Structures are given as structure tokens and as C-alpha cells.
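Structure first, then comments.
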Amino acid sequence: ILIIVMSVMNGFRTELTNKILGFNPHLTIKPYNNTKINLKFIDQLNKNFPGIQVLKSYSGEGVVINNDYAKGIMIKGLDSKNKKNSIFLKKILIEGERNKIKKGEIIIGNELAMELDLAIGDKINLLSSVYISTPFGGVPKQETYSVEGIFSSGFYEFDKNVIFLNLDEALYFFEKIKKDINFEVYLPNPLKANDIKDKIEMINNNIYVYSWIDLNKSFFSALKVERNVMFIILTL
């Protein structure tokens, strides 16, 4: 019984880890104190850590509005020119046949599509967290986009709260420029993310680095406690 239960728990943890890793980058590098991340630094990363992949991205928070219903969501800009992103989109899409996101288009999760009653070709409004000045004061920036794809990641929270835009469109939507771009790092061994994170921070102190483990720390801590408690009880 002990062997079977612990095997099931380990399999459960592995399956959840694979789901999270299939949707999130292993490391995310952000500029700090208005420091631009130049190509020389990226070349240095590729040289010091063979086998890694570095992609451009930008994420921010916004509000989606449809039929008098508003919901807070995470908006992520993908670099459509990168082959890895094209493969990623093909893998998760369940409706629409897009391997690139064009200007004026978005891709949403199936749970969000059901909640807002959206289908391919529908128009929705997005409100940015950025305010623009008008004669009547500051108002949130608003843009209209066409739904050109619906994805399913296997994680309810992702499918309900994430929207994908083209990277250039995301920068425009949040009033950002190219120096504000984040870099996502994919490692040959994702479990070593925290070790690589510490080494990258030693190379450059003017950047902020966080790993997929940091983003899911509370979840994995709860899973570890549950596994240890079950081990103790079953051993007794």
C-alpha cells in the first residue's frame, strides 16, 4: 500500500509539473531600473548555458469586456517570428488554425470563451492597465480585437485567465517600447531552474530573474507536505 500510494503521489506531481512547464517559461528575465537587456547579454547566456532557448515576450494585466461583462485577465505577447512559439500555438489550439498571431487578433482560453460566450471571429474589447490623457482626464486605453483562436492548456486557471497577443501589439497596448521586452528562457533540465537563476543574477545585477518554481512555490509546498504526511501515516 505504501509503495502504491507514494507512486501515485509522485506520478500526480510529475503530471502537474509537466502541465505547468508546458505553459510557462522555465525562467523569465526582466529589465531592472530601466536597464535595457542587450543582445550581448543574450549571447553570453547562450555561451555560458549550452542548450538553452531565449524568447522575447511581454506580459501585463488588463480587463476584457463583452456584452456588459468585465473580467480581469493576463495578457501575454508572443513573438510570432519564433519557431518555438509557432509550435506551442499549434500544440494548444483546439479551434482555429493559427501558428502566428497577426495585428488585431487574439487567442483566448476555452474556459474564458465559454464564460464570455465567444467564438472564432467574434470581437471583444480589452482595457489596458495603462491610462492615456484626454481633455476629461486619464482613461484606460481600450482596443478592439478579433478572436482568431481558442486554446486548451489542461489547466483551468490558465484557460480562464490568459489571452495571447502578437508581441508588437502587446507593447503598443501597454504603451511600452522594445527596451521593456522580457526574455523567457527554456532549459534542457527545468528542475535546475533555480540554480541557473542564481548564476544569471551573478552575471548581471541589473536584471530581475524568476523561475517557474518561484511562481508555483505555494502549490508545490502544499503538495510536498501532503506527500510527507501520507508517507508517515502509511508507515505507521
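Hey, what do the phi angles of region 169-184 turn into as Karplus ³J(HN,Hα) couplings, whole Hz, using 6.51/-1.76/1.60 and θ = phi - 60°, x for Gly and Pro?
Ordered by residue, 3J(HN,Hα) equals 5, 5, 4, 5, 5, 9, 6, 10, 10, 5, 6, 8, 4, 8, 10, 9 Hz.
Treating the chain as a set of equal point scatterers at the Cα positions, no solvent, please give the Debye-formula log₁₀ I(q)/I(0) at q = 0.08, 0.12 Å⁻¹.
One equal scatterer on each Cα of the chain leads to -0.37, -0.78.
At 1.4 Å probe size, put Arg13, Arg227 in order of accessible surface, largest to smallest.
Arg13, Arg227
Rank-order 114-124, 48-58, 148-158 by packing density, defined as the average count of other C-beta atoms within 10 Å over each peptide's residues, highest first.
Packing proxy ranking, top to bottom: 148-158, 48-58, 114-124.
By how many degrees, between 0 and 90 and to the nearest 10, does the Cα long axis of helix 2-23 differ from the longest principal axis of the chain?
So the helix axis and the longest Cα principal axis differ by about 20 degrees.
Between the helical axis of 193-203 and the dominant principal axis of the chain, each derived from Cα atoms, what acute angle in degrees is found, rounded to the nearest 10?
60
Determine the distance separating the Cα centre of region 135-181 from the Cα centre of region 40-59; give it in Å without decimals.
Taking the Cα centre of region 40-59 as reference, the centre of region 135-181 is 24 Å away.
Kirkwood Rh over alpha-carbon pairs of region 1-58, then Stokes-Einstein at 20 °C and 1.002 mPa s: what D in µm² s⁻¹, rounded to an integer?
146
Rounded to the nearest percent, how much of the accessible area of region 30-85 (1.4 Å probe, protein heavy atoms only) is carbon and sulfur?
Roughly 46 percent of what the probe reaches on region 30-85 is carbon or sulfur.
Sum -39500 (n - 2.57) across every DSSP H segment of at least 4 residues in the chain, then divide by the residue count to get the 222 nm mean residue ellipticity, nearest 500.
Result for the chain: -12000 deg cm²/dmol, rounded to the nearest 500.
The values are calculated or read from the model by the stated rules, or taken from the named source; none is laboratory data. The structure displayed is predicted, hence computed values, not measured ones. FYI the Cβ positions are ideal-geometry reconstructions off the backbone, even for glycines, and counts take in every protein chain you see. The protein model used for the area step is the full one, side chains on, heavy atoms only, and it has no ligands, DNA or RNA in it. Shrake-Rupley method; radii C 1.70, N 1.55, O 1.52, S 1.80 Å.
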